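The values are calculated or read from the model by the stated rules, or taken from the named source; none is laboratory data. Nothing here was measured: the structure is a model prediction, and the numbers come from that model. Quick reminder, even Gly has a Cβ in these numbers, built from the backbone with ideal geometry, and neighbours come from all protein chains shown.
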Amino acid sequence: MSKKKKIKQEKTTTLVLGKKNWSTFGAGILSILVGYIFLAKGSITTAPILLVLGYVVLIPISLILR
């Protein structure tokens with residue numbers, strides 16, 4: 001009896017980021033940095049808004065856009 005070997009093929013997924021992705025990602029990083037600067041200065045309204053905008057909105061959008 002001969003056993004058949006199963007050939008395991010791996011599919012690689014590449015993440016291709018364009019200019020729109022990088023600019024949105026940069027805006028997210030900028031929003032996060034400015035949010036931390038405002039947080040260091042004691043802002044209790046502007047800092048959380050900028051941080052949430054960067055972490056929850058802009059960075060994920062930059063990864064989802066095509």
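Quick notes
Listed here are the residues, each with its yes/no results for (1) in contact (Cβ under 8 Å) with a residue 12 or more places away in the chain; (2) of a type outside the set (Ser, Thr, Tyr).
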site	(1), (2)
26	no, yes
31	yes, no
34	yes, yes
37	no, yes
40	no, yes
43	no, no
47	yes, yes
52	no, yes
55	yes, no
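- Every residue from the stretch 29-38 that is within 19 Å of residue 62 (Cβ to Cβ) and either surrounded by 16 or more Cβ atoms within 10 Å (Cβ to Cβ) or over 20 Å from the mean Cα position of the chain (by Cα) (or both): 31, 32, 34, 35
- Qualifying residue in the stretch 45-52 (condition: loosely packed, with under 10 Cβ neighbours inside 10 Å and outside any helix (DSSP H, G or I)): yes
- Test: residue in the stretch 1-23 that is aromatic (Phe, Trp, Tyr), surrounded by 13 or more Cβ atoms within 10 Å (Cβ to Cβ) and in a helix (DSSP H, G or I): no
- Check on residue 41, at pLDDT below 95 and surrounded by fewer than 13 Cβ atoms within 10 Å (Cβ to Cβ): no
- Only one of the listed residues (15, 63, 53) is hydrophobic (A, V, I, L, M, F, W, C) and at pLDDT 95 or above. That residue is 53.
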